[in-house]
Amino acid sequence: MRAFLLSSLLSSGALAALLPAAAHAADPGPTPVGELVVTATRLPSPVDAVTGAYVVDREELQARQTPFLEDVLATVPGVSVTRQGAFGGLAAIRIRGASPDKTLVLIDGVPVGDPADPNGTFDPSSLQAADVERIEVLNGPQGSLWGSDAIGGVVSITTRELKGLEAEAEGGTYATGRGFLGAGVSEDRYALSATAAGFETRGISKADTGTEVDPFRTFTGNLAGRLTLTDWVRFDARLRYTYSDVHIDGFPPPDFTLADTPDKDKTRAWEGTVRALVDGPWGFHETLSYSDYRLWREDVSDFPATYTAERRIWRWTAERGAASDPWGMVVGAERSSTEANLSGRADADLAIDSVFAVGRLTPLKPLTLTASLRYDDPDQFKARTTARLAAALDVGAGFTLTASAGQGFKVPSLSEIVCDFCFAPPVPLSPERAEGEDLRLGWTSPDGRLTAAVTGYHLEVRDQIAYVDLRYINIARTRSNGAEAEADARLTGDLRLKLAYAWTDAIDATTGAALLRVPKQSGAASLFWDHGRWGAALTVKAESSQPDVDRDGFTPVTRPGFAVADLAGSYRLNDQLTLTARVENLTDKRYEESFGFNEPGRAVYVGVRLRD
């Protein structure tokens, strides 16, 4: 296992070459790694008190210069991202081996899974990084926090609040252009900011046997504001719009194998939220919010289809206690209603009423206990209660031991409820259920500049819905065992190293077969250098081979493993202007994230960044 990780991460030779040179860099002294606080847990908590919690901040996003978040998520332990071809190819996020529909994705607290997708899966292929402030990932069942869909885990994305003017422009290989423009004012009592981000490329052929290129373009607009009316009443609101147009390849007759096609997908999505925040009695902070997510998607092909969907969420919470307080709690209630039109077929809707509570207590200084409980009442299915319990113990010498056990569930998607694409009589479906346990040992050095952790876990999903004999039924049972490891080191005042590794044993427990597109081993190493006007980031990502399907879409096949490296650099001309450059697939590696779908070779991009 260790030999695979080391050989894969160092196969490019680039990381090995940089480390000796870095040892001679000027060292003004180490900068400690600050304490991380996770907010996707509903109740803000130190990261050491939460098993399977990972944070990617704005500093890392900017250093890596990665245009899309799917590439960042792929470096988080326990998270695998596969896409069907570069530049807009359908992408899927799997956490701890669970299928993609069991990953709940939130943008500013709004669930953005596709209600019109057969499984309700979120496609991150158009999720740009330019307007994102922070990413939090919670691995493992989080049903007691977020309700349905959070079986594998949660990805929570927070967008930026700007102060001043920012602009970026970049161009390079494959006739690719990327731009960002944002402006904002930010004061204690009010703030208003707006951003626009665009990406366009001539692209490459999605199919690895194809010859025609598949263009891709996407645009994201974001508007955010907040206002403090009095010392105890505040309002904030966010509105986000995403448009994408991607050419794809399919399975044309007469062979019905993956090949060039003129097909394309067009998607428009709106998501917004409005919140009122009130400092209530007894030290509680109350929040009342309304969120709305609307999606329109058109498939342009020999079998054209149009899908529309809308999700509305009313939510009330009352919270007390900061992450550093000896105790804290949050209680809340919400109503979620979803509607979809499945290309002119039967409309479908589903509503869920929920109440939840999370509490954290430090009865003794080295021990912290956290518990959460949630009751969900779907209007078409039996009500569900999910719980989670965690304990974190400071065992001394910088070590913290954390254990948790949690539950999750997933109601059938709207497509499954109406039995869309069914050619046999439908049968009643039950929500999927999950249980998971994990154990984490974390360590922080006395000077705070090095943190490391290893986590072991077990995840089991029951009553998983599968498409069998031309209809949906509850039949499958899956099981995942695995381990995750991470390290974050401030080697010098200029140099930071992040390491991530995951071992995942995910099988269909009904057959014993390994689950598709889940690598047994995966890892990433990121080296960040910031010295005066200069900055650089080298990221090496590796995956072992994994089960997949052949170009006919049915025959089992093994997709080979790979290791790829990306390099980004910057030079600050002055306080306002910075030149940037990056190289993707530094060693020009031939590889595929999904079998039969192309990934680009070496690509070079240069750009400029403005801050005023």
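Worth a mention:
- Local charge for Asn139 was computed over the other residues whose Cβ lies under 14 Å away, with Lys and Arg +1 and Asp and Glu -1, and equals 0.
- Ile95, Ile157, Ile417 arranged by Cβ crowding within 10 Å, fewest neighbours leading: Ile417, Ile157, Ile95
- Assuming charge only on the beta carbon of Lys and Arg (+1) and of Asp and Glu (-1), the dipole of the stretch 389-460 about its Cα centre is about 140 debye to the nearest 20.
- For trypsin sites (Lys or Arg not before Pro), the sites in the stretch 497-552 that DSSP calls loop and that have at most 12 other Cβ atoms within 10 Å are Arg533.
- Virtual spin-label span in nm between Leu181 and Phe235, 7 Å along Cα→Cβ: 2.8
- Fully extended contour minus Cα-Cα distance, from Asp612 to Trp327, at 0.36 nm per residue: 98.4 nm
- Sites listed here are trypsin sites (Lys or Arg not before Pro) in the stretch 305-370 whose DSSP assignment is loop and whose Cβ has at most 12 other Cβ atoms within 10 Å, and the list is empty.
- Net charge of neighbours whose Cβ lies under 14 Å from the Cβ of Thr511, counting Lys and Arg as +1 and Asp and Glu as -1: +1
- The residue list Gly198, Trp232, Ser244 was ranked by how far each Cα lies along the charge dipole of the stretch 168-277 toward its positive end, using unit charges on Cβ atoms, and Trp232 comes out on top.
- Charge dipole (the stretch 2-611, unit charges on Cβ, about Cα centre) - positive-most of Ala514, Pro560, Ile135: Ile135
- Exceedance of the 26 Å cut-off in Cα-Cα distance is limited, within the set Lys520/Lys541; Lys266/Lys382; Lys498/Lys589; Lys102/Lys520; Lys206/Lys589; Lys264/Lys520, to Lys266/Lys382; Lys264/Lys520.
- Rounded to the nearest whole Hz, the Karplus-based 3J(HN,Hα) values (6.51 cos²θ - 1.76 cosθ + 1.60, θ = phi - 60°) of the stretch 265-270 follow the sequence 10, 10, 9, 10, 9, 10, with x at glycine and proline.
- Per residue, the chain reaches -1500 deg cm²/dmol at 222 nm when only DSSP H runs of four or more residues are counted, each adding -39500 (n - 2.57).
- For the stretch 2-611, a crude dipole built from +1 on the beta carbon of Lys and Arg and -1 on the beta carbon of Asp and Glu, taken about the Cα centre, is about 1000 debye to the nearest 20.
- Separation of alpha-carbon centers, the stretch 135-157 and the stretch 212-267, rounded to whole Å: 22
- Think of each Lys and Arg Cβ as +1 and each Asp and Glu Cβ as -1; about the Cα centre, that makes the dipole of the stretch 26-182 roughly 300 debye.
- Projecting the Cα atoms of Val300, Gly210, Ala269 onto the charge dipole of the stretch 208-320, computed from C-beta unit charges around the Cα centre, puts Ala269 farthest toward the positive end.
- Total formal charge among the other residues, if their Cβ is under 9 angstrom from that of Thr385, Lys/Arg +1 and Asp/Glu -1: +1
- Peptides 552-564, 117-129, 481-493, 246-258 ranked from most to least packed by the mean count of surrounding Cβ atoms within 10 Å: 117-129, 481-493, 246-258, 552-564.
- Computed with the Debye formula from one identical point scatterer per Cα of the chain, without solvent, the log10 of I(q)/I(0) at q = 0.10 Å⁻¹ comes to -0.91.
- Sparsely packed loop sites in the stretch 318-382 (the chymotrypsin sites (Phe, Trp or Tyr not before Pro) outside DSSP H, G, I, E and B with at most 11 other Cβ atoms within 10 Å) do not occur.
All of the numbers you see were taken from the coordinates with simple rules; none came from a lab. The shown structure was predicted, so the numbers you read here are calculated from the model rather than taken from an experiment. FYI the Cβ positions are ideal-geometry reconstructions off the backbone, even for glycines, and counts take in every protein chain you see.
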